[in-house]
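Down below is the structure, laid out as structure tokens.
The values are calculated or read from the model by the stated rules, or taken from the named source; none is laboratory data. What you see is a predicted model, and the numbers here were worked out from it, not measured in a lab. Cβ coordinates were reconstructed from backbone atoms using ideal geometry, including for glycine residues, and neighbour counts include every protein chain displayed.
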Amino acid sequence: MAMETLAQSPNARICKTVLEKYMRLPQPDNKVQATYIWIDGTGENLRAKDRTLPSLPKSIKDYPIWNYDGSSTYQSEGHNSDLYLHPVAVYKDPFRPGAENVLVLCDTYKPNKEPTESNKRYKCLEAMERAAAHKPWFGIEQEYTLLDTDLHPFGWPKNGFPGPQGPYYCGVGANKVYARELVEAHYRACLYAGIDIAGTNAEVMPAQWEFQVGPGEGMKCADDLWVARYILHRISEEYGIVVTLDPKPMPGNWNGAGAHCNFSTLEMREENGIIEIEKAIDKLSKQHLRHIQAYDPKGGKDNERRLTGAHETSSIHNFSAGVANRGASIRIPREVAERKQGYLEDRRPSSNCDPYAVCEALVRTCVLNE
Ligand code: ADP
Ligand code: MN
Ligand code: MN
Ligand code: MN
Ligand code: MN
């Protein structure tokens, strides 16, 4: 079975040790390799291209602005195709270790200097700057599903289905989890890069996994999550495994995939912060539609397939909240209810959400009262 899979994937078939020989070649001191990463017009997929810099820039402001062909990324027409990459955050490059090489996360701008339609970071940053005194923290749980190159879940029987859900969540053993190696590689690569990855676990549906990023203040969690997704897709190339962030990759009696967003302000984290948490939940209850529209890249369409009210979700049509309730829109973790301070968990964001849109909506509703 495994051999068959390898033979089908052109990327997995390439010998992985040949590259090591070249990666050991000394890198000139005055040459830094930089991978510029950005979100394309789907609002969901990532693009990247590389350049050589003469030295490691001292701060993010010193990285050169770069351009790209927006007509090939669903972001502009061919007759006026140049768009701009503005560096916003830098990470160590786990794919080129041993020298000071970097991953450079960018947001995207049109020639008239306006942000592109898929640049949700611009408005998120504006909201975070206005809310900065409340020190908003975010922690996002990214669920994702591994697929074989035939787009069938990785490790599932080619004809039929694995046994029903039950043994797979946080599972251990060859018949319970698939491609742990990829998960391990991703975890360590994220730590090396400088991402605040908080943990990882196997999920309820076989071939589904989760990692958590945060808690991070302001823009840090969303920036980290986008780069963690980039690293995940890059590693998946090596295994010839496809990563999907689709929120309901398998219809039927299989769990979907979300990106629960854990959120707190300074006031919520302080003694008796539970009162602030309850105030925030009240505000959220009045803005359900705004949040559903912000929580997947298709304005709620993707989440329709996932937020059915079954499989540990709440219905997309209703707002609900509860302590330790995994069938609610908002869950107050039991430990938070007991300590009367901490954070809330918004369970609605889809696995393929743009974390900039999610964090922005939470801050505008709960902190800025918009
Ligand atoms: P779950 O029980 O829902 O599976 P996880 O352990 O997967 O929870 O994720 C919890 C997330 O909450 C982590 O990403 C963590 O960083 C985040 N978190 C913890 N404390 C806070 C806080 N005060 N504010 C925001 N996020 C927090
Ligand atoms: Mn060219
Ligand atoms: Mn979790
Ligand atoms: Mn989960
Ligand atoms: Mn959760």
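Condition check ((1) farther than 18 Å from G139 by Cβ; (2) among the aromatic types (F, W, Y); (3) in contact with a strand residue (DSSP E or B) (Cβ under 7 Å, 6 or more places away or on another chain); (4) surrounded by 18 or more Cβ atoms within 10 Å (Cβ to Cβ)) across all residues:
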{"residue": "M219", "(1), (2), (3), (4)": "no, no, no, yes"}
{"residue": "H233", "(1), (2), (3), (4)": "yes, no, yes, no"}
{"residue": "K283", "(1), (2), (3), (4)": "yes, no, no, no"}
{"residue": "R290", "(1), (2), (3), (4)": "yes, no, no, no"}
{"residue": "Q293", "(1), (2), (3), (4)": "yes, no, no, no"}
Closer than 23 Å to V213 by Cα, of a type in the set (K, R), surrounded by fewer than 15 Cβ atoms within 10 Å (Cβ to Cβ) and not assigned by TED's automatic domain parsing to the domain that holds C261 - does that describe any residue in the range 76-94? no
With the requirement that a residue be of a type outside the set (A, V, I, L, M) and touching a residue at least 24 places away in the same chain (Cβ under 8 Å), what does the range 295-307 give you? Y295, D296, P297, D302, N303, R305, R306
Of the criteria (1) assigned to a loop (DSSP other than H, G, I, E, B); (2) among the basic types (K, R); (3) surrounded by 13 or more Cβ atoms within 10 Å (Cβ to Cβ), which one K158 fails: (3)
Please go through the range 304-361 and give me each residue that is among the basic types (K, R) and either outside the structural domain of G273 (by TED's automatic domain parsing) or within 13 Å of ligand 5 (Cβ to nearest atom) (or both), ordered by number. R326, R331, R334, R347, R348
Under 7 Å by Cβ, and 6 or more places apart or on different chains, what pairs join a residue from the range 250-271 that is more than 16 Å from ligand 5 (Cβ to nearest atom) with one that is in a loop (DSSP other than H, G, I, E, B) and of a type in the set (F, W, Y)? M268/Y343
Only one of these conditions is not met by Y74: (1) on the phi < 0 side of the Ramachandran plot; (2) without any contact (Cβ under 8 Å) to a residue 60 or more places away in the chain. Which number is it? (1)
Does Y239 fit the bill of being among the aromatic types (F, W, Y) and modelled with pLDDT of 95 or more? no
Output yes when any residue across the range 53-74 is in contact with a helix residue (DSSP H, G or I) (Cβ under 8 Å, 6 or more places away or on another chain) and not in a loop (DSSP other than H, G, I, E, B), and no when none is. yes
Of these, Y192, Y178, Y122, Y168, which one is assigned by TED's automatic domain parsing to the domain that holds R269, outside any loop (DSSP other than H, G, I, E, B), hydroxyl-bearing (S, T, Y) and at pLDDT 95 or above? Y192
Which pairs do you get when a residue that is within 23 Å of R348 (Cα to Cα) and away from ligand 3 (no atom under 16 Å from the Cβ), found in the range 141-163, comes within reach of a residue that is part of a loop (DSSP other than H, G, I, E, B) and among the aliphatic types (A, V, I, L, M), reach meaning Cβ atoms under 9 angstrom, with the pair 6+ apart or on two chains? L146/A179; L146/A207; L146/I241
Could you say which residue among P97, P111, P64 is over 21 Å from the mean Cα position of the chain (by Cα) and under 12 Å from Q33 (Cα atoms)? P97
Take the residues of the range 203-245 that are part of a loop (DSSP other than H, G, I, E, B) and either away from ligand 4 (no atom under 15 Å from the Cβ) or small (G, A, S) (or both): which is nearest to Y169 (Cα to Cα)? A207
Go through the residues of the range 174-194 one by one and say whether even a single one is within 16 Å of ligand 5 (Cβ to nearest atom) and either surrounded by fewer than 18 Cβ atoms within 10 Å (Cβ to Cβ) or closer than 24 Å to T35 by Cβ (or both). no
Among residues of the range 195-208, those that are within 16 Å of ligand 5 (Cβ to nearest atom) and touching a helix residue (DSSP H, G or I) at 6+ places or on another chain (Cβ under 7 Å), counted: 2
Between E312, E345, E360, E335, which is outside any loop (DSSP other than H, G, I, E, B), of a type in the set (D, E) and under 17 Å from A257 (Cβ atoms)? E345
